Amino acid sequence: MKLGSQVHDISCPHCGAQTRVAFDTSGGELQFIDDCTVCCNAINLRVQIDDQHQLMRLFVDADDEQYY
Ligand SMILES: [Zn+2]
């Protein structure tokens, strides 16, 4: 695993379209929101770094669990 700029293709949890996200893992774990380029809904992304196994895990959620 190399840390730094990452580009991943993910499936939008709202419409299922493939969308590309770019982020930087050099600062460790992160959480951010990106907008689907097709349906424009917010996609919740969470990146976990597993130092022990040298793995990066990318979690994709629909951004519908927020409390207002
Ligand atoms: Zn979408």
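The values are calculated or read from the model by the stated rules, or taken from the named source; none is laboratory data. All of these numbers come straight from a predicted model, not from anything done at the bench. So basically every Cβ, Gly included, is an ideal-geometry build from the backbone, and we count neighbours across all protein chains shown.
A few notes on this one:
This table checks each residue for (1) within 16 Å of the ligand (Cβ to nearest atom); (2) hydrophobic (A, V, I, L, M, F, W, C).
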{"residue": "R20", "(1), (2)": "yes, no"}
{"residue": "T25", "(1), (2)": "no, no"}
{"residue": "I43", "(1), (2)": "yes, yes"}
{"residue": "I49", "(1), (2)": "no, yes"}
{"residue": "L55", "(1), (2)": "no, yes"}
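- Matching residues, region 1-42, being surrounded by fewer than 13 Cβ atoms within 10 Å (Cβ to Cβ), in contact (Cβ under 8 Å) with a residue 24 or more places away in the chain and of a type in the set (V, I, T): I33
- Residue check for D34: within 16 Å of the ligand (Cβ to nearest atom) and modelled with pLDDT under 90: no
- Evaluation of L45 against the conditions (1) surrounded by 14 or more Cβ atoms within 10 Å (Cβ to Cβ); (2) touching a residue at least 40 places away in the same chain (Cβ under 8 Å) shows that the sole unmet condition is (2).
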